[in-house]
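Only one structure is covered here, and it is reproduced in the block below.
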Amino acid sequence: MTKMADNASSVEIVEGCRLPVLRKNQEHEDEWPLAEILSVKEVSSRKLYYVHYIDFNKRLDEWVTGDRLDMKKLQFPKKEAKTPTKNGLPGSRPSSPEREVKRKVETVPLATQVSPATPVPSLPSSAEASQASVFPAVRETNTFKSREDHEQISSLTTNGTARRLIPAQPGRKRKANCGGTDEDSQDSSDGIPSAPRMTGSLVSDRSHDDIVTRMKNIECIELGRHRLKPWYFSPYPQELTTLPILYLCEFCLKYLKSLKCLQRHLTKCNLRHPPGNEIYRKGTISFFEIDGRKNKTYSQNLCLLAKCFLDHKTLYYDTDPFLFYVMTEYDPKGFHIVGYFSKEKESTEDYNVACILTLPPYQRRGYGKLLIEFSYELSKVEGKTGTPEKPLSDLGLLSYRSYWSQTILEILMDLKPDNGERPQITINEISEITSVKKEDVISTLQYLNLINYYKGQYILTLSEDIVDGHERAMQKRHLRIDPKCLHFTPKDWSKRGKW
């Protein structure tokens, strides 16, 4: 821990400097990743530095002391030269590299924006562009997409022994689901929107990104029996950001500055579950549907909490066009929030999820997939196919990829031969059964490396490894949605004026 940081006080470290920093609880030489200094402050005559580890997720950003800095490799930010104006007179300084990045992000279509940890290669056609943030490692081909309803799809094992044979019959074209323009045909030139859409309750819009929003501003949140360490910035009132702990009522999500204020609030708060209608209950798990217009305060408080754990979105206060589906776990004290997803009341792009989050205490326990499965059950009742709004967070990407894979493999493995013939299915039929959008079905099959070309036809190869891996995964998946417990009647929001 004495890595040549003795000169930290003699050299003026400013915002924008880069240098290796020792990560917390790491002692090895290779655990000194390059980091950028985002802020400097002095506490009790001791300087602290807020660092962002380059190529690491922002949730790992932290305040560090000078003894964790490697001053030998200090890089100062490059100075900006003045540039002349059009008439040759000295002008203002050019925009900083960060502002240049923001300007570029503003011009990147929403469908292709992803987190830095998820690079996106170029895709060959407009139809695939909307899937770039879903499976960045997948290369899709025009041939399969254009002929998918007419080519046969079979399966063989890697050793040539027949395992499952699934030739596809000519597909039936589906009618438009949402009465709007399909995402792939919004722009005839490149097939993707020309500018980011301001839609989701937490929309992706980096135009206001600055040094303040790059830093975590809440130290700790107490929510019921849990204390949460936020991962990212959330625009709570500034006077609350200096508190060691921000207290939230776990039922109405109101934020309070002290434990005494929370205790006083709890004597008045009559809620023991989220506001809105309970549309699902099985065991201790319940889902509540909340209208963003009727319960605006709760919806905005929910978004503020969610922003602490979602970096790829910025807060959007107009909750009127959205429905919020909050998953809770019941005990004698009430219904405790586990996670949620929001959804546009009307989506012309077939989005069935705008934002989705499982709170950290409940992650890695199957609740994420349960939220995703519930969103598709709603789509089935609505008679539509759906897809999540892009970009997905890194954890959201993993959850959706896993859910799509398991759902599609479940269907393929349950197919039975028809009169001794090979079982048959089309991409459209898979989409209709699961309510997963056709493009997501294709991307998933390619991600699993199931699609191959054999003797003039496209085939699916279900190897023993794929089958065994799927069976092991399904044995661990104990939480499932029971459609019989869902009491949901979709509304036609297009006929409801201002909702």
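Derivation of every value follows stated rules applied to the coordinates shown; laboratory data play no part. No experiment lies behind these values; they were computed from the predicted model shown. Quick reminder, even Gly has a Cβ in these numbers, built from the backbone with ideal geometry, and neighbours come from all protein chains shown.
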Give me the number: length gained by fully extending Lys491 to Glu346, i.e. 0.36 nm times residue separation minus the C-alpha to C-alpha distance, one decimal in nm. 51.2 nm
Let me make sure I get this right: for the range 346-412, a, b and c are the square roots of the gyration tensor eigenvalues over alpha carbons, sorted descending. Under 1.5 in a/c it's rounded, otherwise prolate if a/b > b/c, else oblate. Which is it? oblate
Calculated diffusion of the range 228-336, Stokes-Einstein form, Kirkwood radius summed over Cα pairs, 37 °C and 0.692 mPa s, µm²/s: 219 µm²/s
Name the residues of the range 316-352 whose amide N is less than 19 Å from a point 7 angstrom out from the Cα of Asn270 along the C-beta direction? 333-335
Rg(Cα)/(2.2 N^0.38 Å) for the range 314-473, N = residue count: 1.18
Round to the nearest 0.05 the FRET efficiency obtained for Lys260 and Asp465 when R0 = 41 Å and r is the Cβ-Cβ distance. 0.10
Below 12 angstrom from the Cβ of Glu329, what's the summed charge of the other residues (Lys, Arg +1; Asp, Glu -1)? +3
Stretchable slack from Glu12 to Gln406, in nm (0.36 nm times residue separation minus alpha-carbon distance): 136.5 nm
For the range 342-385, taking Cα atoms only, what is the radius of gyration to one decimal and the Dmax to the nearest whole Å? 11.7, 34
Backbone N within the range 46-60 under 14 Å of label point (7 Å from Asn25 Cα along the Cβ vector): 60
22 Å Cα cut-off, lysine pairs counted over the range 267-384 (separation 8 or more, or different chains): 26
Potential extension, Thr241-Asn449 segment - 0.36 nm per residue separation minus Cα distance: 70.1 nm
Whole-Å distance linking the alpha carbon centroid of the range 51-76 with that of the range 336-404 is 34 Å
Of the chymotrypsin sites (Phe, Trp or Tyr not before Pro) in the range 296-340, which ones lie in a loop per DSSP and count no more than 12 other C-beta atoms within 10 Å? Tyr317
Trypsin sites (Lys or Arg not before Pro) within the range 337-400: DSSP coil, no more than 10 neighbouring Cβ in 10 Å: Arg364
For a quick check: with amide H placed at 1.01 Å from N, whose amide H comes under 5 Å from Phe322's, ignoring anything fewer than 5 positions away on the same chain? Gly292, Arg293, Lys345
Low-density loop trypsin sites (Lys or Arg not before Pro), the range 248-281, at most 15 other Cβ within 10 Å, DSSP non-H/G/I/E/B, are Lys257, Lys268, Arg272
What FRET efficiency do you get for Met474 and Asp320 if R0 is 41 Å and r is their Cβ-Cβ distance, rounded to the nearest 0.05? 0.55
